[in-house]
1. Pairs please, first residue from region 117-137 and within 23 Å of THR47 (Cα to Cα) and part of a loop (DSSP other than H, G, I, E, B), second anywhere and at pLDDT 90 or above and among the β-branched types (Val, Ile, Thr), Cβ atoms under 8 Å, 6+ apart in sequence or on different chains.
2. Take the residues in region 66-81 that are surrounded by 24 or more Cβ atoms within 10 Å (Cβ to Cβ) and part of a helix (DSSP H, G or I); name whichever of them is modelled with the highest pLDDT.
3. Looking only at region 1-30, count every residue that is in a helix (DSSP H, G or I), in contact (Cβ under 8 Å) with a residue 60 or more places away in the chain and open to solvent by less than 70 Å² (accessible area, probe 1.4 Å) and tell me the total.
4. Could you count how many residues in region 31-54 are within 14 Å of HIS77 (Cα to Cα) and free of Cβ contacts under 8 Å to residues at least 60 places away in the same chain?
5. Yes or no: region 178-194 includes at least one residue that is within 24 Å of SER93 (Cβ to Cβ), of a type in the set (Ser, Thr, Tyr) and either part of a loop (DSSP other than H, G, I, E, B) or modelled with pLDDT of 75 or more (or both).
6. I'd like to check something: does region 116-137 contain any residue that is within 12 Å of VAL66 (Cα to Cα) and open to solvent by 60 Å² or more (accessible area, probe 1.4 Å)?
7. Check off (1) buried (at least 23 other Cβ atoms within 10 Å of the Cβ); (2) not in a strand (DSSP E or B) for PRO33 and give me the number that stays unchecked.
Amino acid sequence: WQQQLESSFLFEDTPDQLRATQEVKRDMEGERPMDRLLVGDVGYGKTEIAVRAAFKAVQSGRQVAVLVPTTILAEQHARTFGERLADFPVKVSVLSRFQTTKAQKAELVELKAGTIDIVIGTHRLLSPDVEFRQLGLIIVDEEHRFGVKHKERLKQLKLETDVLTLTATPIPRTLHQALAGLRDLTLMQTPPRDRSPVLTFVEP
């Protein structure tokens, strides 16, 4: 199934994507919990690596938490993960303030029971009432956009769980940890073929 998922990718993998996929798989199969920082510009294919890692964790009977800084990003990721995993028996869910309290409660029950495989959400996922049946992987998008309190909770979870951090703009502390060998580092520097350039506008 893993091969089937990777071959169904609509684009041709860049050399960096192939290398990142192999490194993440190797980490997940290793003895110690993964703590890998994946650095790449917008549109370089970081999310695809995250989808593959999540699918690998689910195949091993584990749950996945995808932590994002904003509710809009949570919705975007939910759409991407949902589309990529549509052909496989994987249940993807979103936990954010866009939902009613009743809907959130129902999701928490399913998470604890293990019927949700991948949950995508904001810092709401780090709340004490969020319990997993068997959490195997945490994917963090732009870690520097979370507060100190949230990072402390993340640190606790990191001790026994694989962690994949995605970023386009690593802060000095995060980069220093990677360069000092405290975290593993993968750089994605090859733009996909025909990638549209990112346009930045400064407006009042």
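The values are calculated or read from the model by the stated rules, or taken from the named source; none is laboratory data. Since the structure is predicted, the reported quantities are computational estimates derived from the model, not experimental observations. Neighbour counts are summed over all protein chains in view; Cβ atoms, including those assigned to glycine, are modelled from backbone coordinates with ideal geometry. Ligands, DNA and RNA are excluded from the accessible area calculation, which covers all protein heavy atoms including side chains. Shrake-Rupley method; radii C 1.70, N 1.55, O 1.52, S 1.80 Å.
1. If the second residue must be at pLDDT 90 or above and among the β-branched types (Val, Ile, Thr), the pairs left are ASP117/VAL58; ASP117/VAL64; ASP117/VAL90; ASP117/VAL92; THR122/VAL68; THR122/THR70; THR122/THR71.
2. The first filter runs over region 66-81 and keeps only residues surrounded by 24 or more Cβ atoms within 10 Å (Cβ to Cβ), leaving 66-68, 74, 81.
Checking which are part of a helix (DSSP H, G or I) leaves us with 74, 81.
On the way: ALA74: 93, PHE81: 96.
Among those residues, the one meeting the criterion is PHE81.
3. Within region 1-30, residues that are in a helix (DSSP H, G or I), in contact (Cβ under 8 Å) with a residue 60 or more places away in the chain and open to solvent by less than 70 Å² (accessible area, probe 1.4 Å) number 8.
4. Qualifying residue count for the region: 3.
5. No, region 178-194 has no match at all.
6. Here is the first cut: in region 116-137, the residues within 12 Å of VAL66 (Cα to Cα) are 117-126, 135-137.
If we keep only those that are open to solvent by 60 Å² or more (accessible area, probe 1.4 Å) too, we end up with 123.
Scanning region 116-137 turns up at least one residue that is within 12 Å of VAL66 (Cα to Cα) and open to solvent by 60 Å² or more (accessible area, probe 1.4 Å).
7. (1)
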